[in-house]
Amino acid sequence: MIKDNISNINSYNLLNERIRAGLNYLSEANFSQISDGKHNIDGENLFVNIQTYTTKSDADFEVHRKYIDIQYIISGSEYIAVTDLNTCSTVIEYDENRDIEFLKGGGEFIKLSQGEFMILYPQDAHKPSISLNINSPAQVRKAVIKVAIN
């Protein structure tokens, strides 16, 4: 897991080519001109899901096997809990078509705010979209870049 601000994008030039392309997309995109939904960057190798939602008080952890996530906050703030996949137990078995498995476990809550991103690898179980204040859900707009592993 990597967490940083998009202004530090040049620190990641040594990462693989698709991750760099995803970070470049985030730093150059005009999100006010991009609607919610899936948008291809490089077919199924690299695409972005733009989402607008209200944060929630809790969720299950999730993991992906085919894609690395780059989660980027366009506006708002949320917590994303992160833990090692091996410390979790399965709640809903892996769905190959959706590339997702849901898990239970404990983890570290990390605040992600506007302009910040988090890179989550297959071993990084993560619980996104969590409210900063359990009594005050907030609206967040996020870009989730999906980076194919193979």
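The values are calculated or read from the model by the stated rules, or taken from the named source; none is laboratory data. Remember, predicted model here, so these are calculated numbers, not experimental data. Cβ coordinates were reconstructed from backbone atoms using ideal geometry, including for glycine residues, and neighbour counts include every protein chain displayed. Quick note on the areas: whole protein, heavy atoms, side chains included, nothing else; ligands and nucleic acids left out. Shrake-Rupley method; radii C 1.70, N 1.55, O 1.52, S 1.80 Å.
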Note, the range 84-94: 3J(HN,Hα) by Karplus (6.51, -1.76, 1.60, θ = phi - 60°), whole Hz, Gly/Pro = x, goes 6, 3, 5, 9, 10, 10, 6, 9, 10, 4, 4
Other residues with Cβ under 10 Å from the Cβ of His64 give, with Lys and Arg +1 and Asp and Glu -1, a net charge of -1
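To the nearest µm²/s, what D does Stokes-Einstein give for the chain at 37 °C and 0.692 mPa s, using the Kirkwood radius over alpha carbon pairs as Rh? Before the final figure, lay out each step's value.
Numbers: Rh = 15.6 Å.
Reported coefficient: 211 µm²/s.
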Taking 0.36 nm per residue of separation between Phe31 and Phe109 and subtracting their Cα-Cα distance, the length gained on full extension comes to 25.5 nm
If N is the residue count of the range 1-68, its Cα Rg over 2.2 N^0.38 Å rounds to 1.26
Residue separation between Arg20 and Asn49 times 0.36 nm, minus their alpha-carbon distance, gives in nm 8.7 nm
For the range 33-88, the Cα gyration tensor yields equivalent-ellipsoid semi-axes (√(5λ), largest first, whole Å) of 23, 18, 8
A 1.4 Å probe over the protein heavy atoms gives the chain a carbon and sulfur accessible-area percentage of 43 percent
In order over the range 47-58: 3J(HN,Hα) from phi, Karplus 6.51/-1.76/1.60, θ = phi - 60°, whole Hz, x for each Gly or Pro, gives 8, 10, 10, 9, 9, 10, 7, 9, 4, 10, 7, 6
Partner aspartates and glutamates whose C-alpha sits under 18 Å from that of Lys56, ignoring same-chain residues fewer than 8 away, are Glu78, Glu108
Output ordering of 90-98, 64-72 (per-residue mean of other Cβ within 10 Å, highest first) is 64-72, 90-98
Per-residue ellipticity at 222 nm attributable to helices in the chain (runs of n ≥ 4 DSSP H, -39500 (n - 2.57) apiece, nearest 500 deg cm²/dmol) works out to -2500 deg cm²/dmol
Contact order relative to length for the chain, counting C-alpha pairs under 8 Å separated by 6 or more residues, stands in percent at 37 percent
